[in-house]
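First the structure, in the form of structure tokens, and then the observations on it.
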Amino acid sequence: MEQSYVVAEKFWPLLRVLFLAQEASIKLRKHFFPFSPLWGFEPQASPLDSIKGPHTSTQGLGPWCSPTGSPAPLSCETGCGEGSWILVCRLLVPTQVSLLSMEEDIDTRKINNSFLRDHSYATEADIISTVEFNHTGELLATGDKGGRVVIFQREQESKNQVHRRGEYNVYSTFQSHEPEFDYLKSLEIEEKINKIRWLPQQNAAYFLLSTNDKTVKLWKVSERDKRPEGYNLKDEEGRLRDPATITTLRVPVLRPMDLMVEATPRRVFANAHTYHINSISVNSDYETYMSADDLRINLWNFEITNQSFNIVDIKPANMEELTEVITAAEFHPHHCNSFVYSSSKGTIRLCDMRASALCDRHSKFFEEPEDPSNRSFFSEIISSISDVKFSHSGRYIMTRDYLTVKVWDLNMENRPIETYQVHDYLRSKLCSLYENDCIFDKFECVWNGSDSVIMTGSYNNFFRMFDRNTKRDVTLEASRENSKPRAILKPRKVCVGGKRRKDEISVDSLDFSKKILHTAWHPSENIIAVAATNNLYIFQDKVN
Amino acid sequence: MGTMFARGLKRKSPEDGEDMEGGLAGARATPSYSLQRQSLLDMSLVKLQLCHMLVEPNLCRSVLIANTVRQIQEEMSQDGTWRVVAPQAAGRAPLDRLVSTDILCRSAREQEGEHPAPDVGDGHMADLVPGLAVVPSAQALRSPQSSLWEVDSSRENRGGFQKSLDQIFETLENKTSGSVEELFADVDSSYYDLDAVLTGVVGSTPSAHASGLQAFASAAAPPPSSSCRSDLGELDHAVEILVET
């Protein structure tokens, strides 16, 4: 397990802060809830509404991640290599606005500035729990613990603003799930969004699936810039007029209006999961999807909400015999009959739905024999797979366990073809990590568009990239504190025993409360989204 | 020495008979190892109990913890480490042990002399930790081949155990979650030492391992009395008392 810290030219992150986020949340307030009446979500009145200032007057869906008042210099540092990563924008989960109450007489900028510098003001509900690009990369969706989905749209490219190519602005925000109470079991169902999956776009509207622990919802996100006017059957407030008073028939006309983005729940797939849903995956037939919980996987048709097919069930008759759970599942990207699921024992099963209705027999079983020299009481826990992802080509599977990320060839079941150490220096800290429960953290992993690079998260706001061809790897940090505007952000190094060099971080000073669990990679370009608690960082390849 | 620790720690029982042998001869006989293994077991049981206080716990986490407990208990019942650990827990409580275990021991000491009915202990244990291989291991201990004092000590230990678990959870329930964190926060430093031994990997160089052990010894040994080694003499004494009563 050689720890290679060769500074890969490809990954040198040149950090360019294009905006200071303090103004963003205020602006956002304006177009945050433009569609509430349609589905009963009412924004709470905020004292901010009464704040009059230059920043609250922004109309429409203006770019919210570029500051109006403080244009940042845009020249890059010279000397950075090809393929450097730069910070494009840092997007804050918007609810911080509500913290700015009762400060009307103070300059809003100041308040914002001080609040946003202090990460501790982020509430639990603001923590981002999933990140997902759509199939074109034009949209980026995040879900959070508060049950909200925020969709960002990529800034349109313009000739005089080439640098803003990779910027994303808020497109739509909606409350996808609400906290519920199960009266039969007497338990609360969290609103936290566990996963979001986009459906391939088929018309002007966008569709996505979002899920919490129990319920999957299909959302339609569509734009509207015209509205019908001139009805005379109803009055201004929408009440039907007395037909006797209507003497003429008027044909309503469509009039242009300010662009509005509506999110409407089109389907609710509920009551099919006894345990917590950990994965959803859209099938390549685009007609079905699956949802996996700890013990079962269900297959749904998008049009049918009142029934689903149970395709995997590993629940033992006697729950006391339970020793293994399903941790993640995904459909093959091209073959609509096959899917994989991973388990807490570090194994992956590939199933073929043509074989039988209930896929309790796998067609392939991927497992690596345990290395006896690394054996300990924690072996099973750290081998538990937290995420599984097919490569875009469908040839490989990537799995993430606690310390490594592995790439498997579908044609070889007995061991992975590649194993990358994510943070092997933690191997000696496993007992502490068990004690503080970090050992159960569920890190996810992603492929780049060409399946040549993989990315996954770590602690201390670090995330790692591995180039499969050059075998180079790099540790980057998504952190506000260490990012000077326009400065090149050095790759991070963690000191492993011995003397600590100047720019290295010792294992003991890592912050285990700052973890990067969720990341996303643009489907075709080198743009990545990294969720660090309540911040979403978007980096891009500098050269492109 | 370091390799012996690594080898001695086994994960699944059936496949690794050879490793067990090495472990029996070396690492597992070491009192500090058993002590730490016991601490890990205690910690896991506390975690499990906290899981079971929830209506719908994180199933993956509970299963992994339960499997860990199974491993430890299997290993303990197979190499007979109950002999060392159980009477020690029942008989005397080293002051500097980890907080969680300290509480367990304190309660056990208070219970000294009392013999809770084994059935009660069993039932409660199974109730505490459903899905565990507790019962099989208990049966192993009670099998005819086991010597009398083994049975007694395990019974004593288990009785004390469940009682003390109750006590812990009573306190936990009465206090805020903040104090729960406090309780576990205190554990932190000692577990860094535990890491060195239990994960085994650190000790790939013998010297590093030795220092880890030393660190643990100084942390774990009760100041007034002595190191674990001298405890063994007292253990016999404790066992005698137990058997007599």
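Just so it is clear, none of the values below were taken in a lab; they were calculated from the coordinates. All values derive from a computational prediction rather than experimental measurement. For neighbour counting, all protein chains shown are included, and Cβ atoms are generated from backbone atoms with ideal geometry for every residue, glycine included.
Computed quantities for the displayed model
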{"quantity": "Contour excess over end-to-end distance, with Cα ends at residue A:270 and residue A:437 and 0.36 nm allotted per residue", "calculated": "57.1 nm"}
{"quantity": "Amide H within-cut-off set for residue A:227, under 5 Å, with H built and near neighbours excluded", "calculated": "A:255, A:257"}
{"quantity": "FRET efficiency estimate (nearest 0.05) - Cβ-Cβ, residue A:124 to residue A:493, R0 51 angstrom", "calculated": "0.95"}
{"quantity": "Relative contact order [Cα under 8 Å, 6+ residues apart], the stretch A:422-522, whole percent", "calculated": "30 percent"}
{"quantity": "Two-site FRET efficiency, residue A:395 against residue A:255, from Cβ-Cβ distance with R₀ of 56 Å, rounded to 0.05", "calculated": "0.60"}
{"quantity": "Additional length obtainable on full extension of the chain from residue A:306 to residue A:412, 0.36 nm per residue less Cα span", "calculated": "34.3 nm"}
{"quantity": "For the stretch A:275-291, Karplus couplings with θ = phi - 60° (6.51, -1.76, 1.60), whole Hz, Gly/Pro x", "calculated": "10, 8, 5, 10, 8, 10, 8, 7, 6, 6, 7, 6, 10, 10, 8, 10, 10"}
{"quantity": "Residue A:470-residue A:501 FRET efficiency (beta carbon distance; Förster radius 22 Å; 0.05 resolution)", "calculated": "0.40"}
{"quantity": "Contour excess over end-to-end distance, with Cα ends at residue A:314 and residue A:183 and 0.36 nm allotted per residue", "calculated": "44.5 nm"}
{"quantity": "For the stretch B:31-79, size of Cβ-based charge dipole, Lys and Arg +1, Asp and Glu -1, in debye", "calculated": "140 debye"}
